[in-house]
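The values are calculated or read from the model by the stated rules, or taken from the named source; none is laboratory data. Values in this document were obtained by computation on a predicted structure and should not be read as measured data. Protein only, heavy atoms only, side chains kept; ligands, DNA and RNA dropped before computing areas. Shrake-Rupley method; radii C 1.70, N 1.55, O 1.52, S 1.80 Å.
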Amino acid sequence: PINIAKKNPKGCPYNSLNTQLEFRDQTLSTVMDIEESVEWGKKIKGCPYYGSRRSIPFCDIIAVPYSCVFHTPTRESFGISLENKILVIDEAHNILDAIFSLNSVNLSYSQVQQSLAQLIA
């Protein structure tokens, strides 16, 4: 099994370009569910998250959480373009809550007081 606590002065030992590309190639040639993806990552000692991200530019269909589509910085970091694409939204009845949570922040009364005090000072 992968020991995620293993220290590496150069960064995560499971996030190398070679394993990302190997994972990408396997992902593009074989249909895998999330559990199989994790097992493949363990087998090659590679990160399924970053390996899967390497696959996105080559895919015709991707399934991602709302945040990867509606939050521009996240979408851009994944390299997802919506131009000339068809967007299918599963569980669309949850979309308003998802958008609100992406574009909202909760502040406590004391945070507002502290902010106001800093502005006045």
On Cα atoms only, tilt of 109-120 relative to the major axis of the chain in degrees: 70 degrees
Paired Rg and Dmax values of the stretch 9-48, which use every Cα atom, in angstrom: 10.1, 34
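According to the Cα gyration tensor, what semi-axes, each the square root of 5 times an eigenvalue, does the equivalent ellipsoid of the chain have, listed from largest to smallest in whole Å? Could the numbers behind the result be given before it?
Values: eigenvalues 245, 110, 34 Å².
For the chain, the ellipsoid semi-axes come out as 35, 23, 13 Å.
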With every protein chain in place, the chain: carbon and sulfur % of accessible area (1.4 Å): 57 percent
